[in-house]
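*Asks:* There's a structure below that I have some questions on.
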Amino acid sequence: MMQELAMHILDIVHNSIRAEANSITVNVFCKKNEDICGFTVIDNGIGMRADVLDKVLDPFFTTRTTRKFGLGLPLLKMTCTMCDGEFSITSTPWQKTEVIAKMKRSHMDTPPWGDLAQTWMECFHAFPLGRLIFNFDFDDQKVVIDSDEIINAIGDRELCHDSAVLIQLRDYVADQITPYLREESYEIIERFTAHS
């Protein structure tokens, strides 16, 4: 099991990039009233045929040539199952692939979010020519980070990927979402204290 949900998001976004997507949308959500948290990743890459889709949750199957196994999606499905959640992946070749991961927010094994601002920066930097949209929804408090809007505001796509600018953008994203994540972190600490 990966230690943080942000690591799963990064892994799936890299899958989307390898699938030649030019648009990737990540939806991060937490609903206290429904006791759920999780994320979806949607891309418009090459997608998968039905026979490949049937195999992607097999840890010993991978389409990559650099290694002989792919643990990302199987681990995510296992995490969702362990945390009383749901996992699904659907794909239409050359149209859309969607991964949905939901977990019970109050479950003691549900991983923390991790550094979502850093994750956004790494996804943005790895996807220089595409459109990346991160939607954060914490109990209907919504924050949208759209790479097209950032690039238009700065006026230079290449400058956006300068290391100093990337750090400033990461800090900007952190400022937007940290108030909601801080509250989540406090409640995670309380959850583990209660079970210790």
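No lab work stands behind these numbers, since they all come straight from the coordinates. Note that the coordinates shown come from a computational prediction; the quantities given were computed from them, not determined experimentally. Cβ sites come from the backbone with ideal geometry, for glycine too, and all protein chains shown count toward neighbours.
*Asks:* Got a sec? Charge dipole of the range 5-195, +1 on Cβ for Lys and Arg, -1 for Asp and Glu; which of His125, Cys160, Asn44 is way out at the positive end?
*Replies:* Asn44
*Asks:* May I pose another question? How do Arg49, Arg170 line up, fewest other C-beta atoms within 10 Å first? Kindly include the intermediate steps, with their values, before the conclusion.
*Replies:* Details: Arg49 11, Arg170 19.
Taking fewest neighbouring Cβ atoms as first place, the list is Arg49, Arg170.
*Asks:* What pairs from Lys55/Lys104; Lys32/Lys96; Lys31/Lys96; Lys77/Lys142; Lys77/Lys104; Lys32/Lys55 go past 22 Å between their alpha carbons? If you can, show how the numbers build up before the last one.
*Replies:* Values: Lys55/Lys104 26 Å; Lys32/Lys96 30 Å; Lys31/Lys96 26 Å; Lys77/Lys142 26 Å; Lys77/Lys104 13 Å; Lys32/Lys55 34 Å.
Correct reply: Lys55/Lys104; Lys32/Lys96; Lys31/Lys96; Lys77/Lys142; Lys32/Lys55.
*Asks:* Separate question: Suppose each label sits 7 Å from its Cα in the direction of the beta carbon; what would the Met78-Asp162 distance come out to in nanometres?
*Replies:* Reported label-point gap for Met78 and Asp162 is 4.4 nm.
*Asks:* Suppose only helical runs count, i.e. DSSP H with n ≥ 4. What mean residue ellipticity at 222 nm does that imply for the chain under -39500 (n - 2.57) per run, divided by all residues and rounded to the nearest 500 deg cm²/dmol?
*Replies:* Values: 6 runs with 81 residues, N = 196.
The helix-only estimate for the chain comes to -13000 deg cm²/dmol at 222 nm.
*Asks:* Label points 7 Å out from Cα along the Cβ direction at His125 and Glu149: separation in nm?
*Replies:* A separation of 2.3 nm, rounded to one decimal place.
*Asks:* Taking a Cβ-Cβ separation under 4.7 Å as the criterion for a possible partner, which cysteines of the chain have none?
*Replies:* Among the cysteines of the chain, those whose Cβ sits 4.7 Å or more from every other are Cys80, Cys83, Cys123, Cys160.
*Asks:* Turning to a different aspect of this structure: Going highest first, how would you order 39-48, 90-99, 157-166 by mean Cβ packing within 10 Å? Let's see the in-between values first.
*Replies:* Values: 39-48: 20.7, 90-99: 16.3, 157-166: 12.8.
Most protected by this proxy first, the peptides run 39-48, 90-99, 157-166.
*Asks:* Next question, about the same structure. I need the Kirkwood Rh of the range 5-195: take the reciprocal of the average 1/r across all distinct C-alpha pairs and report it in angstrom. Please list the in-between numbers first.
*Replies:* Values: mean 1/r = 0.0574 Å⁻¹.
For the range 5-195, inverting the mean 1/r across all distinct Cα pairs yields 17.4 Å.
*Asks:* Using per-residue counts of other Cβ atoms within 10 Å, averaged over each peptide, order 4-12, 16-24 from highest down.
*Replies:* Values: 4-12: 21.4, 16-24: 18.2.
The densest-packed peptide leads the list: 4-12, 16-24.
*Asks:* Near Thr92, within a Cβ-to-Cβ distance under 11 Å, what is the net charge of the other residues, with Lys and Arg +1 and Asp and Glu -1?
*Replies:* Numbers: positive: Arg49, Lys96; negative: Glu98.
Within the 11 Å Cβ shell, the charges total +1.
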